[in-house]
Amino acid sequence: MNPKTIATINFKGGVGKTTVTWCLGDVISSFSDAKVLLFDLDAQMSLTQAIALNEETGTLHDKFGKWYELATGRQKTIFHALDQFTRPDAHFDFAVGFDFIYQITDSLHFIPSVEDLYWTELEVFDREGVKEFIRRLLAKITNSPKLPKYDYVLFDCPPSFTLLSYSVLSCCDLVLIPVNPDFFASKGTNLILNSLKMRIEPFPIPRIGVFMNKTKTKGPPTKESTFYMREVSRVCEQAAKQQSIDTRFFDSWIPDRVGLKRAITTGGVPPDLVEPFKRLWSEAVAYLP
Amino acid sequence: MTERDFRTPSEELERLQEEIAETKDVLREMLARLSQIERHASRLSPGWKRAAQSTNHPTSEIAGADSSMSRSQALQVFDGLVDSWRQRGYEAVQGQLAKLQLPELVVLARELGVPVGKPSRKGVTHKILGRVKESVLLSRNVNVTPPSHGTAHKAD
């Protein structure tokens, strides 16, 4: 059975895409029997560095560092996979195994990014030539006898519409859009909903779940946060009607906590934030096709 | 009792100044004690001060309490203002706000999550107008350029 695929995206930077992707992966794999695969598709490597960086020394954790060096040396990175896929007349026989996928825990695995992805955007202009890449790569992973059967694949997408974003959005089951309770972050919702459809067509548009991240709270959300929740919910309803896309503003929200930013580097979601992420995940799963 | 038993004006002034100084000392001591109690309470429950301040806020007792506008009514008024802006513009909304009493404006502002502080009609109206404008802008569709048909050539 194919895994369910969820892409976290927003063209506005700093809304918490990477943190949310990681926290969802951590909560799902820690509190259920599900096996999760994370992808870092951002050439800025935010998720990769957060997972890999030892804050005390400023260098990569030994275990990941050695693995990453080997993977890079053996040309077993996402860049090399994409490079092989986009070669003209080349057969895409990129082998996948644990030299390509890093095991964070038994049930949380990870495909890191590489800086070379920056150059891909400059050198490869053929959007149509890349659209099938993620779908084909996922098929290899799903069919590989060397790898476990993943239940969910979570993609941390860059804050712009890149070739890899297009490839993911063309095949994923659900798009999660975190927004923040401020004008500019909320304004981005309208932009992304209005542009996603025309960018992904003729592929079917995945379901889109929008939720409030970094919600300011005084116990419950503040009135200011509630104002933006209401406005973004309206934008979603409008987009659903005008663009005929399946969009929903989730009831679940994630509070703004200083400790959350350090969840990745400290190895887990803080205990008081597990429930908000469980609620968000429950709502996302219920919305999956 | 003779005139010599009464304090002179300068003696009275001096006495009053001493009394003021003593009272100020007592007040300083009470303030220090209050701060100590607040610090201790904050350690027990970090949010108690904010909750206490919000309920004791003079504006909630003075300005908002006079309004019978409920939360849902306030949101309905807001939606109406947004529609007015879209259909008839900024001046129409200003005119509608001018007809509301200050307590109603305060309730509306609070429901929209804007800080009210010392409520002045001009200040609160300005903040509500800001929220109305935000709502209009948030729902306005951006003119997104569609992708060009076909694809560019692949780089050699």
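Every number here is computed from the coordinates shown, using simple stated rules; none is lab data. The structure displayed is predicted, hence computed values, not measured ones. A quick note on method: Cβ atoms are made from the backbone with ideal geometry, for glycine too, and the neighbour counts reach across all protein chains shown.
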Within 10 Å of each residue's Cβ, count the other Cβ atoms and sort A:F110, A:F203, A:F155, A:F11 from fewest upward. A:F203, A:F11, A:F110, A:F155
Sorted by chain and number, the residues with a modelled amide H under 5 Å from that of A:F155, at a separation of 5 or more or across chains, are A:I6, A:A7, A:T8, A:F39
Compute the whole-percent fraction of alpha carbon pairs in the range A:105-208 spaced more than 18 Å apart. 56 percent
Could you give the dipole magnitude of the range A:197-289 about its Cα centre, charging the beta-carbon of Lys and Arg +1 and that of Asp and Glu -1, in debye to the nearest 20? 220 debye
Do the alpha carbons of any pairs in A:K214/A:K241; A:K76/A:K140; A:K76/A:K149; A:K218/A:K278; A:K216/B:K127 sit beyond 23 Å of each other, and which pairs? A:K214/A:K241
In terms of the charge dipole of the range A:190-289, which places +1 on Lys and Arg and -1 on Asp and Glu at the beta carbon, the residue among A:I264, A:L191, A:Q242 farthest towards the positive end is A:I264
If you add up the charges near B:I128, with Lys and Arg at +1 and Asp and Glu at -1, over every other residue whose beta carbon is less than 14 angstrom from its beta carbon, what do you get? +3
Cα-projected label distance for B:M30 with A:M1, points at 7 Å along beta-carbon direction, nm: 7.0 nm
Can you compute the modelled spin-label distance between A:R135 and A:S30, with each label point 7 Å from Cα toward Cβ, in nm? 3.6 nm
Within a 10 angstrom radius of the beta carbon, how do B:M69, A:M1 rank from fewest other beta carbons to most? A:M1, B:M69
Among A:D116, A:D256, which comes first, then next, by fewest other beta-carbon atoms within 10 Å? A:D116, A:D256
Other chains' Cβ within 10 Å of A:191-203 residues: what's the mean? 2
Nearest-0.05 FRET efficiency for B:R43 and B:E22, computed from C-beta distance (R0 35 Å): 0.60
Using only the alpha-carbon atoms, how far is helix A:62-73 inclined from the longest principal axis of chain A? Give it as 0 to 90 degrees, nearest 10. 60 degrees
Give, as a single signed number, the net charge of other residues whose beta carbon lies under 14 Å from the beta carbon of B:E18, with Lys and Arg counted +1 and Asp and Glu -1. -3
Which whole-number value in Å³ per residue fits the convex hull of the alpha carbons of chain A? 129 Å³
For chain A, what is the charge dipole size about the Cα centre, in debye to the nearest 20, if Lys and Arg each add +1 at the Cβ and Asp and Glu each add -1 at the Cβ? 760 debye
Any chance you could give the angle, 0 to 90 degrees and rounded to 10, that helix A:133-143 forms with the longest Cα principal axis of chain A? 70 degrees
Compute from the Cα atoms of the range A:69-119 the Rg and the Dmax, the latter being the longest Cα-Cα distance, and quote both in angstrom. 11.8, 38
Globularity index of the range A:100-149, i.e. its alpha-carbon radius of gyration over 2.2 N^0.38 Å: 1.41
How long are the three semi-axes of the equivalent ellipsoid for the range A:231-289, computed from the Cα gyration tensor as the root of 5 times each eigenvalue, in whole Å, largest first? 29, 13, 9
Mean 1/r over distinct Cα pairs of the range A:205-254, inverted to a Kirkwood Rh in Å, yields 11.4 Å
If you take the Cα Rg of the range A:183-289 and divide it by 2.2 N^0.38 Å, with N the number of residues, what do you get? 1.17
Kindly express, to the nearest 10 degrees and within the range 0 to 90, the angle between helix A:223-243's C-alpha long axis and the longest C-alpha principal axis of chain A. 70 degrees
Where the eigenvalues come from the Cα gyration tensor of the range A:25-177, what are the semi-axes √(5λ) of the equivalent ellipsoid, largest first, in whole Å? 23, 18, 16
What is the average number of partner chain Cβ atoms found within 10 Å of a Cβ in B:112-122? 2
Computed over the range A:1-106, Cα set: Rg, Dmax in Å: 15.3, 47
